[in-house]
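Each value in this text was obtained by applying a stated rule to the coordinates, not by laboratory testing. Everything numeric here is computed off the predicted structure, so don't read it as measured data. A quick note on method: Cβ atoms are made from the backbone with ideal geometry, for glycine too, and the neighbour counts reach across all protein chains shown.
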Amino acid sequence: MSNAGEDRTKKWYEVSIKVARNYGGKVSMMPKVPIKGLRDFSIYYTPGVAGVSLEISKNPDLSFELTWRWNAIAVLTDGTRVLGLGNVGPEAALPVMEGKALIFKYLGGVDAIPLPIRVKSKEEFVAVAKAIEPSFGGINLEDIESPKCFYLLETLRRELNIPVWHDDQQGTAGAILAGLYNALKVVDKKLTGVRIVLFGAGASNIAAAEVLHTAGVPYENMTLIDSKGPLHADREDMDKLMLNNPWKYNLALKTNKERHKTIEEAMNGADVLISASTPGPGIIKKDWVRLMNKDSIVFALANPVPEIWPWEAKEAGARVVATGRSDFPNQINNSLIFPSVFRGALDVRARAISNEVIVAVAREIAKYAEERGISEDYIIPTMEEWEVYPRAAAAAAVEIVNEGLARVSTTYREELERAREIIAKARASMEKLMREGLIREIPAELVR
């Protein structure tokens, strides 16, 4: 079975390369105003555009009304941790950022610009982000190595007046929480009472620990495991962590109340395993899963290959298994989170996005799936369940307004209708271009 999974992964690689070559990328820029002749440019460009510039110069917030800024974000990366591939550089990050921009548009109606940058330091990265702030309504940080990503998110959230989001942290954490809400319902356990092991202590799981705590999980009920074993306050490298990774250090102080020293000790009696670690297979051992409590939950989220194949986790006793893959049941996919969060954030001209917003969105996504009927193989919606996106956007917008982080106000119903209209228009535009042949079908020979 392991070889079958690896063969499937290689096949997707091959098809993706062929399709990328055929289309020359995944996204492009299209006008949104009518052009019937050169006279129109007197409105859109000079001399008419000077009037718009003069209005914005009096009040910069008018840029959210009079330009694309109200619906535009930058997908910003330095290419230092692309998917599970590592530091492949900004050029190699570009196809991933293009894919991200495509998802933003199709699922959230958001105009996202893929923007890999070549920078040598985190300070230079901050300077670039601050320099481009006037052009965008938000910034999505993507595929940045740890612990640099924590510094960048923390610094930019503090210094910019638009929402800054790191999808590998906040998006993944939100998807984990949404899936976990329903997985726990399937096995009839409570979020506040389960013991959770987070295997991997990078961007995703450190953020997941913080979001889980915001949702009600006590820190002492969690154990994080890095390459040296479980984090705990007595580890020999605590002084080094305090200097080099204060985010991991703080969690080492607050989690693992039983001071587990080995992976086996941590896994023994755990209810939930959330693995966001090295691509597998074979990273998570079946013997570890066997040590978990009855009706255990295993999220093996590494891409492109999960740390343990789903069937192996089931054979070892897990009742609910999720991965990051769309070709297996229960995909824990941050693509359910970021289009919705930014749709809601942009529509209320948000200044920031808090952990409470992530929890609100995760609850709404879990509620949507529960209404459709959850099971061991369906704990979270798929990307094809379109109606979940405007609902999650509305939940995000309302929470942002309630926290005083919005420039304009809205209600759940108002944002639900607004988000439905914007997202539907984005999908309809793409479908119209396909029908007209302006976006060609993928040639059949490329996907054989």
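Compute the helix-to-body angle for 388-402: its Cα long axis versus the longest principal axis of the chain, expressed 0 to 90° and rounded to tens. Computed tilt is about 90 degrees.
If you count, for each residue, the other Cβ atoms within 10 Å and average over each peptide, how do 231-239, 34-42, 195-203 line up from highest to lowest?
195-203, 231-239, 34-42
Students often get this wrong, so check it: of Lys100/Lys190; Lys185/Lys314; Lys100/Lys228, which have C-alpha atoms separated by over 22 Å? From Lys100/Lys190; Lys185/Lys314; Lys100/Lys228, over 22 Å: Lys100/Lys190; Lys100/Lys228. Sorting 303-310, 262-269 by their mean Cβ neighbour count within 10 Å, with the most densely packed peptide first, gives 303-310, 262-269.
Computed from the Cβ-Cβ distance with R0 of 35 Å, the FRET efficiency linking Ser135 to Ser326 stands at 0.60. Between 0 and 90 degrees, the angle of helix 412-435 with respect to the longest Cα principal axis of the chain falls at about 70 degrees.
Contour minus end-to-end for Glu370 and Ser429, with contour as 0.36 nm per residue of separation and end-to-end as the Cα-Cα distance? Separation in residues times 0.36 nm, less the Cα-Cα distance, equals 18.2 nm.
For the pairs Lys240/Lys261; Lys26/Lys148; Lys122/Lys254; Lys148/Lys286, flag any whose C-alpha to C-alpha distance is greater than 21 Å.
Beyond 21 Å between Cα atoms: Lys26/Lys148; Lys122/Lys254; Lys148/Lys286.
The aspartates and glutamates whose alpha-carbon is closer than 14 Å to the alpha-carbon of Lys18, local same-chain residues fewer than 8 away aside, are Glu441, Glu445.
Electrostatic tally near Phe64: other residues with Cβ closer than 10 Å to its Cβ, Lys and Arg +1, Asp and Glu -1, net +1.
Compute the helix-to-body angle for 49-58: its Cα long axis versus the longest principal axis of the chain, expressed 0 to 90° and rounded to tens. Between the helix axis and the principal axis of the chain, the angle is about 60 degrees.
Ordering Leu62, Leu241 from the fewest to the most neighbouring beta carbons within 10 Å gives Leu62, Leu241.
Using Cα pairs under 8 angstrom and six or more residues apart, how large is the relative contact order of the chain, in percent? Working shown, then result.
On the way: 819 pairs, mean separation 66.4, N = 448.
Relative contact order, the chain: 15 percent.
If I model the range 38-110 as equal point scatterers sitting on the Cα atoms and use the Debye formula, what is log10 I(q)/I(0) at q = 0.22 Å⁻¹? Result of the Debye calculation: -0.91.
When Glu220, Glu142 are sorted by how many other C-beta atoms sit within 10 angstrom of their C-beta, beginning with the fewest, the order is Glu220, Glu142. Taking 0.36 nm per residue of separation and subtracting the current Cα-Cα distance, fully stretching the chain between Leu243 and Lys36 would add 68.4 nm.
Across the range 24-168, the relative contact order, built from alpha-carbon pairs under 8 Å that are at least six residues apart, equals 24 percent.
Over the chain, the pair-distance histogram of Cα-Cα distances with 10 Å bins from zero comes to 4, 20, 30, 27, 13, 4, 1, 0 percent, rounded to whole numbers.
Where the centre of each part is set by its Cα atoms, how far does the range 4-65 sit from the range 290-351, in angstrom? That distance is 31 Å.
Take every Cα pair under 8 Å whose residues are at least 6 apart in sequence, average their separation, divide by the length of the range 313-393, and the relative contact order is 36 percent.
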